[in-house]
Amino acid sequence: MKVLIPGPLLSYTKSREVEAAGATFAELLSDLDRQYPGIRFRVIDEQDRMRRHMRFFVNGEQVFDLARSLRPTDSVQIVQALSGG
Amino acid sequence: MNIAGENGPMAAGRKKAATTKRPAAAGRGAGRVLALVATRKGAWLYRSDASRRSWQADGPHFLGHIINHLVLDPRDGQTLLAAAKTGHLGPTVFRSTDLGRSWKEAAQPPAFPKLPEGQKGRAVDHTFWLTPGHASERGTWYAGTSPQGLFRSEDGGATWHPVSGLNDNTQYRAWMGGEQDGAPDGPKLHSINIDPRDPKHLYMAMSSGGVHESTDAGRSWAPIVKGLEVVEGFDRSNLSFHDPHCVRLCPSNPDRLYQQNHCGIYRLDRPSEEWVRIGKSMPKKVGDVGFPMVIHPRDDDTVWVFPMDGQTVWPRTSPGGIAGAYVTRNAGRTWQRLAAGLPEGQVWWTVKRQAMTADGHDPVGLYFGTTSGELWASRDEGSRWACIARHLPEIYAVETAPLS
């Protein structure tokens, strides 16, 4: 599925939009990390919590649970919050 | 990183010069210096000429990243590690093996173990402090994090592993306190010092949490806080009330440590376990609060501090708007002000705990970075200061290394 990447993570993907796969949001993040090593830890901490200033959306709906299921036709957005300093 | 290994490794075998008031030149003279400057918005490398008068800027590296520490490995003179995060992205460590020409991210940055579902595990907010390991352990590094955690790498900073003997110790976890019990931007583990005679002998400090020693490479730890004061009205037997700002081991005498604490300046001469407050002889109107502590590379009686206003609401600015370093050349009995070249008044910046350091030349060069983004240097042990750079972001750390 298509994943929209925010500016701060372009150093990993070199592209605003990438392809990644997974039956859940957690699997999708694992696939992104396999393709772009290190990217997951910048947005999810070691306790599998979403980092404070990152937001995740599937088809425009915010995701709070890494176990959320995904379909291949879904569209995913990773967004940095308007915060951070 | 100090050329003489302020944190220890390169100091192995150096002859103690404790009785020398002003060590005579021994062919060291001046030489080119690399100054590594870590800021709230990126990192800069400054390279000097042989006289240390002229400096070339190289940067920014990682523009927009919060760089808490940038350190060169004195064992190879090539490997740089940078502790980084951004306002939005999680913490990581970047590595360069060509003095900053190219960078690669650590494959496994410092991170606490994942706890089972339902248990509240800790997460590294940022890596705060980096210390190269002992000279005999090439590729080994230590990192201190916020919240307080100690991590070790044995592959030049590519992968990091928690030092469980500290991080999982229930007594230590209690002393570390919660997120509200530390420095304003999070409680920290810092001041990792390695005994140049023994790679298993470590010191570290926590803000808050006190000063601690390990003689078994971090498997077990014991506090060394006797003699240290805490804020009035608090119980000094409770380690979580101790706030050591910066602890340094003397490169020329590993049995001597100095400390700038939240409550004064101290010296410790092992095997004693009792710190002696040496800041009481500072001028009363200046006081003995501050963050950095810099030790002469060859004289364990000579240290420099940079006082800060720690009264009332803790402004963390130059006391009375007047900036100046202070030096003692007799292990803390007397202090002299060193402010020639600095602005004479209305100075409201200060110097953070990693933002002042020395080089290994003779006379020693001193360097400090300010919270207002100025980089200052002295080619003569603080007798006269000159500004190397202005208009940088807030400076968090300054280290030096010799350039060939």
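The values are calculated or read from the model by the stated rules, or taken from the named source; none is laboratory data. These numbers come from a predicted model, not from an experiment. Cβ placement follows ideal geometry from the backbone for every residue including glycine, while neighbour counts extend to all protein chains displayed.
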* To do: Can you tell me which residue among B:Gly332, B:Gly341 is in contact with a helix residue (DSSP H, G or I) (Cβ under 9 Å, 6 or more places away or on another chain) and either in a loop (DSSP other than H, G, I, E, B) or aromatic (Phe, Trp, Tyr) (or both)?
  => B:Gly332
* To do: Could you please give the count of residues in segment B:204-215 that are more than 12 Å from B:Gln259 (Cα to Cα), out of contact with any Phe, Trp or Tyr (no Cβ under 6 Å at 6 or more places or on another chain) and crowded, with 24+ Cβ neighbours inside 10 Å?
  => 2
* Structure fact -> Flagged in segment B:294-316 as touching a residue at least 60 places away in the same chain (Cβ under 8 Å), closer than 13 Å to B:Arg267 by Cα and in a strand (DSSP E or B), in numbering order, are B:Val294, B:Ile295, B:Trp304
* To do: Considering each of B:Gly290, B:Gly264, B:Gly227 in turn, give the residue that is within 25 Å of B:Asn169 (Cβ to Cβ) and surrounded by 15 or more Cβ atoms within 10 Å (Cβ to Cβ).
  => B:Gly227
* Any residue at all in segment B:184-195 that is farther than 21 Å from B:Asn68 by Cβ, of a type outside the set (Lys, Arg) and assigned to a loop (DSSP other than H, G, I, E, B)? -> yes
* Please verify whether segment B:108-120 includes one or more residues that are more than 26 Å from B:Asp216 (Cβ to Cβ), of a type in the set (A, V, I, L, M, F, W, C) and in contact (Cβ under 8 Å) with a residue 24 or more places away in the chain. => no
* Flag if B:Ala174 is of a type outside the set (Phe, Trp, Tyr), away from chain A (no Cβ under 14 Å), closer than 22 Å to B:Ser208 by Cα and touching a Phe, Trp or Tyr at 6+ places or on another chain (Cβ under 6 Å) -> no
* Are there any strands (runs of 3 or more DSSP E) wholly within segment B:237-277 with 3 or more residues that are within 18 Å of B:Ser214 (Cα to Cα) and of a type outside the set (Val, Ile, Thr), and if so which? -> B:244-250, B:253-261
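One line per residue, one yes/no per condition, for (1) touching a helix residue (DSSP H, G or I) at 6+ places or on another chain (Cβ under 8 Å); (2) at pLDDT 95 or above; (3) under 25 Å from B:Lys114 (Cα atoms):
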site: A:Leu9; (1), (2), (3): yes, yes, yes
site: A:His53; (1), (2), (3): no, no, yes
site: A:Val58; (1), (2), (3): yes, yes, no
site: A:Glu61; (1), (2), (3): no, yes, no
site: A:Asp74; (1), (2), (3): no, yes, no
site: A:Gln77; (1), (2), (3): no, yes, no
* May I ask you to list the residues in segment B:90-126 that are in contact with a His (Cβ under 8 Å, 6 or more places away or on another chain) and away from chain A (no Cβ under 12 Å)? => B:Gly100
* Asked: Within the set of pairs 6+ apart or on separate chains, which have a first residue in segment B:340-359 that is surrounded by fewer than 19 Cβ atoms within 10 Å (Cβ to Cβ) and of a type outside the set (D, E, K, R), a second that is at pLDDT below 95 and not in a loop (DSSP other than H, G, I, E, B), and C-beta atoms under 7 Å apart?
  -> B:Gly345/B:Gly321; B:Gln346/B:Gly321; B:Trp348/B:Gly321
* Structure fact -> Counted residues in segment B:350-392 being of a type in the set (Phe, Trp, Tyr) and in a loop (DSSP other than H, G, I, E, B) come to 1
* In segment B:123-164, which residue that is touching a strand residue (DSSP E or B) at 6+ places or on another chain (Cβ under 7 Å) and over 25 Å from B:Val398 (Cβ atoms) is surrounded by the fewest Cβ atoms within 10 Å (Cβ to Cβ)? -> B:His161
